Amino acid sequence: MLEATKLTKKYGSFTALNALNLSVKQGDIFCLLGANGAGKSTTINLFLNFIEPTEGLATINSLDVTLHSKETKQLLSYIPENLMLYPNLTGLENLDFFCGLGGKNYSKEQLEELLKQSGLQVDFIHKRVSSYSKGMRQKVGIALASAREASVLLLDEPTSGLDPKASNEFSELLLDMKDKGVATLMATHDLFRAKATGTHIGIMKEGVLIHQVEANSISLPELEELYLETMKLSQTVSS
Amino acid sequence: MIRRIAFKEMKENLYEGRFRVTIIIVSVLLIMATWLSLNYFKSVQQQHADAKANARNIWESQDEKNPHSAAHYGTYAFKPKYPLSLIDPGVDKFSGISIFLEAHKRNEAQYMAAADQTGLARFGDLTPDFIMLFIIPLLIILIGYNAFTREQELGTLKLLKGQGISSWKLALGKWVGIFLPVLILTTGLFVIAFILLVNVEDFGELNYGVLLLMFVVYVIYYAVFINITLMVSAVSKQSGISLVSLLVIWIVVCLAMPKASSNLADSIYPYPSRQAFAADIDKDKKAGLDGHNPWSQAAKDFERETLEKYGVDSLSQLPFNFDGYRMQKGEEHEAQVYFKHYAELKNTFRNQSKVYQAAAIASPFLPTRFLSMALARTDYRAHWDFSDAAESYRLSLVDTLNMNLAVNSTYGDWAYKADRSLWKNVPDFEYDPPSLGDIIGRNWSNILVLGLWFLVSFVGLKILTQRV
């Protein structure tokens, strides 16, 4: 379970994230929507402890990520916007390496099965990652999350740049993870994907979580309208 | 975790053409250098053995003659070729291989191999020590310059850190990933050298402890270079900047510092010119007793002192041949003159060595270079050692011959001829090189500085990788 309590990040006088309160429970997919610079990636980076909060608290399974960095990282799996793997190694070798770093050791057959389950084409499993598309790399990332048996998944615009088919496949994998009880926090620009896969949706602007709704309580047009209104509000505030 | 990162690093390197080509080139160069060295040393060793046997044969084949004439006839002391000179020939080519031993004169070593080469010899020879001291550090730079920068450029660093791995463990994994191929290469060279050495006939006694210590010295040298490479990679923003920075460091450490320290040492503590050195010796020799000049004031004084000491009125009443006795005393005076002037030379050498040792603080190359040569017994200290042993032998040889003349003949009896058995009874020149303990004792500061380089660079690596 992910929890942010008055989580704030400031860079000098600039506030990247302002008193964020957020809770993502097991089996939840919380989608954070917002324009560039809204604070989505900052939120993810704070949970990853890549940056330290100025104020407030970020916890994973009740463990403060700043105090229990190693333990919390064992619990989570992270897929950035553009998952970069080692291009000279195969998908299987990359998966084996990253699983090993997380203390999980699998046989070659098990790793192949994980990659197959993540939707990677069989004939690419033993090919070098340099020949992979972005979607294929993201699938290796999902395989890694499954392999690590992560209870928390942090995704930073994972479907950005993916073609609709690959994006759809990725969403299906996320739903599988949801069914396994994984708590997912996903930053995205894709309203349609957020509505289709998310259980909760948050709309951020200028470091503030303006709206927080349950996905099934709002239709896609309503979500779009709410989002655009928020963005207009943002422009008004800015001007 | 460290093992896994190291294994991944090696696997990635193996897949890269840059690494494979570099390793192949360095391996081929090492094999070529070892093969060339082996052939050269086998040939020189044979020449030494032949020349030594020939010189002894010529010495023993002398006819009956005045022993002092035999002292002037002279013989040679040959510097032994040491097994590890196969790996590091040091200054052997420039220090000469034999010393002509004769009465009244301490000669310099002669027959320098470098003198037989053309001006192209200035480019240096392809020897194993050249590959190990200059090329393998370059190999380390080529393998490791982008160890951290590449992770940043690829974007894999975030994913790595997301797995909960600490920067220090990541650095250690990368360290091992670079160290292992270098270790395999170095071990391969030493194993090949060992196999070759034990199979070369009459190649001298190989001290396994020295071989092992030389191996350890090189391994520490490479560890220092790995630390430096990783530190630079950790603080660089781009791989290109890291590579250029490391190449500049290599140029300074391996090329500029040794030459600069040599120039500095020579300007602070200059050696006298050969002419000035010879003139000073000549002047001091003339100020004392000349065994061949019975009319000099020094000879007259010595004659008077001897007559008083033995309580006799004339030289013919002495119980020995005064001519032989005077020549021996003249020899002893000359020996003292040589001792004094060579001591000054050695003092200059020691002072210059201190400059090198101070410069070693700025370059791990220098202590490694000196330790390697010292362990191979091909440094200037080993040459001094041999030169002193040859001088000691010369004095003993001349003493034996002069005293034979003094004891077995009477004053004015220039017709005396020693039996041929005398030449055979004079022992051949035997030389025990400095022991491992002596070498360590003389090089403790180099060992200390190299050790400090390792420790300080390792601590530096730990501190700087925190920023990754």
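The values are calculated or read from the model by the stated rules, or taken from the named source; none is laboratory data. Source: prediction; values computed, not measured. Cβ sites come from the backbone with ideal geometry, for glycine too, and all protein chains shown count toward neighbours.
Which residue, of A:156, A:96, is within 12 Å of chain B (Cβ to nearest Cβ), touching a residue at least 40 places away in the same chain (Cβ under 8 Å) and charged (D, E, K, R)?
A:156
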Checklist entry - Are any of the residues in region A:100-107 in contact (Cβ under 8 Å) with a residue 24 or more places away in the chain, of a type in the set (A, V, I, L, M) and in contact with a helix residue (DSSP H, G or I) (Cβ under 7 Å, 6 or more places away or on another chain)? => result no
Checklist entry - Could we say that residue A:44 is within 14 Å of chain B (Cβ to nearest Cβ), β-branched (Val, Ile, Thr), in contact with a strand residue (DSSP E or B) (Cβ under 7 Å, 6 or more places away or on another chain) and part of a helix (DSSP H, G or I) here? => result yes
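Identify, from the list B:251, B:228, B:268, B:281, the residue that is within 27 Å of residue B:357 (Cβ to Cβ), under 28 Å from the mean Cα position of the chain (by Cα), buried (at least 16 other Cβ atoms within 10 Å of the Cβ) and not hydroxyl-bearing (Ser, Thr, Tyr). Lay out the reasoning, then the answer.
On the way: B:251 fails: buried (at least 16 other Cβ atoms within 10 Å of the Cβ); B:268 fails: buried (at least 16 other Cβ atoms within 10 Å of the Cβ); B:281 fails: within 27 Å of residue B:357 (Cβ to Cβ).
Result: B:228 is the single residue among B:251, B:228, B:268, B:281 that is within 27 Å of residue B:357 (Cβ to Cβ), under 28 Å from the mean Cα position of the chain (by Cα), buried (at least 16 other Cβ atoms within 10 Å of the Cβ) and not hydroxyl-bearing (Ser, Thr, Tyr).
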Checklist entry - Restricting the search to region B:304-331, which residues are free of Cβ contacts under 8 Å to residues at least 40 places away in the same chain and closer than 17 Å to residue B:405 by Cβ? => result B:306, B:319, B:326
Next on the checklist: When you check residue A:202 against the structure, is it closer than 14 Å to residue A:40 by Cβ and not acidic (Asp, Glu), yes or no?
Outcome noted: yes
Item to check | Search result, residues across region B:296-315 that are over 45 Å from the mean Cα position of the chain (by Cα), at pLDDT 85 or above and not charged (D, E, K, R) | outcome: B:306, B:307, B:310, B:311, B:312, B:314
Next on the checklist: Quick check on my filter: what residues within region B:401-431 are surrounded by 18 or more Cβ atoms within 10 Å (Cβ to Cβ) and in a helix (DSSP H, G or I)?
Outcome noted: B:401, B:402, B:404, B:405, B:406, B:422, B:423
Checklist entry - Wholly within region A:127-197, which helices (runs of 4 or more DSSP H) include no fewer than the required count, namely at least 3 residues that are within 19 Å of residue A:215 (Cβ to Cβ)? => result A:164-179, A:191-197
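Among helices (runs of 4 or more DSSP H) lying entirely in region B:1-85, which contain 1 or more residues that are free of Cβ contacts under 8 Å to residues at least 12 places away in the same chain and within 14 Å of another protein chain (Cβ to nearest Cβ)?
The helices (runs of 4 or more DSSP H) meeting that bar are B:2-15, B:17-60.
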Checklist entry - Of all the residues that make up region A:24-53, how many are among the polar types (S, T, N, Q) and touching a Gly at 6+ places or on another chain (Cβ under 6 Å)? => result 1
Item to check | Identity of the residue in region A:99-124, facing another protein chain (nearest Cβ under 7 Å) and among the small types (Gly, Ala, Ser), that ends up nearest to residue B:166 (Cα to Cα) | outcome: A:102
Checklist entry - Of the residues in region B:165-202, how many are in contact (Cβ under 8 Å) with a residue 24 or more places away in the chain, outside any helix (DSSP H, G or I) and within 14 Å of chain A (Cβ to nearest Cβ)? => result 1
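For region B:297-385, which helices (runs of 4 or more DSSP H) that fit wholly inside it have 3 or more residues that are at negative phi and surrounded by fewer than 15 Cβ atoms within 10 Å (Cβ to Cβ)?
B:297-310, B:322-359
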Next on the checklist: I'd like to check something: does region B:153-164 contain any residue that is more than 14 Å from chain A (Cβ to nearest Cβ), under 21 Å from residue B:247 (Cα atoms) and part of a helix (DSSP H, G or I)?
Outcome noted: no
Next on the checklist: surrounded by fewer than 23 Cβ atoms within 10 Å (Cβ to Cβ), under 26 Å from residue A:18 (Cα atoms) and touching a strand residue (DSSP E or B) at 6+ places or on another chain (Cβ under 7 Å): which single residue out of A:178, A:205 fits that description?
Outcome noted: A:205
